[in-house]
Amino acid sequence: MDLKSIVYKNRSYRRFEESHKIESRLLRDWIRLAQHSPSGMNAQPLKFWLSNTPEMNTLIFPHLGWAGALKDWRGPTEGERPSAYILILGDTEIIKIFGVDHGIAAQSILLGAVEAGYGGCMIGSIQRDEVRKALGIPERFQILLAIALGKPIEKVVIEPVGVDGSITYYRGENGVHHVPKRSLNELIVHDI
């Protein structure tokens, strides 16, 4: 699969085949991609908490917000939950401000997941104190982002923004997830 195909296939998947385990080796491979991604001032302040057991996943799941635009949806039901998580942490003993490092790392991880036939979702809506307590994450680590990972079981369709201008994603018939995207002409402010 070429880079363009991987990027186009990388969607925010929120429903997975929960019983399909992601091996630790794959999670470590994806962290290696993050390790080789750019870091502001080359500070490399990010650390990663890996989870791929039902027991640890159960400690993480209830403390995540799943889809802000889907007001009546509380997240995936049992059997459709992620089979793994990667929590991206900022080590405050290295630096206090993490800039965009965690976004760059998360994108690298997700592109690696897609290449391997998986998918995921970056989640910033985290009950951080509850996750810290549930997992015993030391205070020195700031919880920056969660990545839910698994074998996607939902279809995500990209479509142009409608005449109403709404960019709000929604679930349509058969649970198909629709994501409106602005046109390329709207994104480019100055062309050459």
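The values are calculated or read from the model by the stated rules, or taken from the named source; none is laboratory data. Quick caveat, the model's predicted, so the values are computed rather than measured. Backbone-built Cβ (ideal geometry, glycine too); neighbour counts: all protein chains shown. Heavy atoms of the whole protein, side chains included, go into the accessibility calculation; ligands, DNA and RNA do not. Shrake-Rupley method; radii C 1.70, N 1.55, O 1.52, S 1.80 Å.
Provide a single number: the residues in the range 112-124 that are under 15 Å from ILE88 (Cβ atoms) and out of contact with any Phe, Trp or Tyr (no Cβ under 8 Å at 6 or more places or on another chain). Steps first, please.
Keep residues of the range 112-124 that are under 15 Å from ILE88 (Cβ atoms), which gives 112-113, 120-124.
Checking the rest, the ones that are also out of contact with any Phe, Trp or Tyr (no Cβ under 8 Å at 6 or more places or on another chain) come to 122, 124.
Residues flagged as under 15 Å from ILE88 (Cβ atoms) and out of contact with any Phe, Trp or Tyr (no Cβ under 8 Å at 6 or more places or on another chain) within the range 112-124 amount to 2.
Going by what's in this entry, would VAL131 be described as in contact with a His (Cβ under 6 Å, 6 or more places away or on another chain) and either assigned to a strand (DSSP E or B) or open to solvent by 70 Å² or more (accessible area, probe 1.4 Å) (or both)? Show your work before the answer.
On the way: in contact with a His (Cβ under 6 Å, 6 or more places away or on another chain): yes; either assigned to a strand (DSSP E or B) or open to solvent by 70 Å² or more (accessible area, probe 1.4 Å) (or both): no.
So VAL131 does not fit the description; no.
Restricting attention to the range 30-44, which residues are more than 14 Å from ILE147 (Cβ to Cβ) and either more than 19 Å from the chain's Cα centre (by Cα) or of a type in the set (A, V, I, L, M, F, W, C) (or both)? So that I can check it myself, show each step before the final result.
Taking the range 30-44 first, the residues more than 14 Å from ILE147 (Cβ to Cβ) are 32, 35-36, 38-44.
Answer for the range 30-44, where residues must be more than 14 Å from ILE147 (Cβ to Cβ) and either more than 19 Å from the chain's Cα centre (by Cα) or of a type in the set (A, V, I, L, M, F, W, C) (or both): GLY40, MET41, ASN42, ALA43, GLN44.
Is it the case, given these coordinates, that LYS96 is out of contact with any strand residue (DSSP E or B) (no Cβ under 8 Å at 6 or more places or on another chain), basic (Lys, Arg) and either closer than 28 Å to GLY40 by Cβ or surrounded by 13 or more Cβ atoms within 10 Å (Cβ to Cβ) (or both)?
Here the answer is yes, as LYS96 does meet what is asked.
Take the residues in the range 158-188 that are closer than 19 Å to TRP73 by Cα and touching a Lys or Arg at 6+ places or on another chain (Cβ under 9 Å), then tell me which one is least open to solvent (accessible area, probe 1.4 Å).
Once the filter is applied, the top-ranked residue is HIS177.
Within the set of pairs 6 or more residues apart or between chains, which connect a residue that is over 23 Å from VAL157 (Cβ atoms) inside the range 14-27 to a residue that is crowded, with 19+ Cβ neighbours inside 10 Å and at pLDDT below 95 with Cβ atoms less than 9 Å apart?
No pair meets every condition.
Report the residue count in the range 67-93 for those that are surrounded by fewer than 17 Cβ atoms within 10 Å (Cβ to Cβ), under 22 Å from ARG15 (Cβ atoms) and of a type outside the set (D, E, K, R).
Adding up the residues that qualify gives 6.
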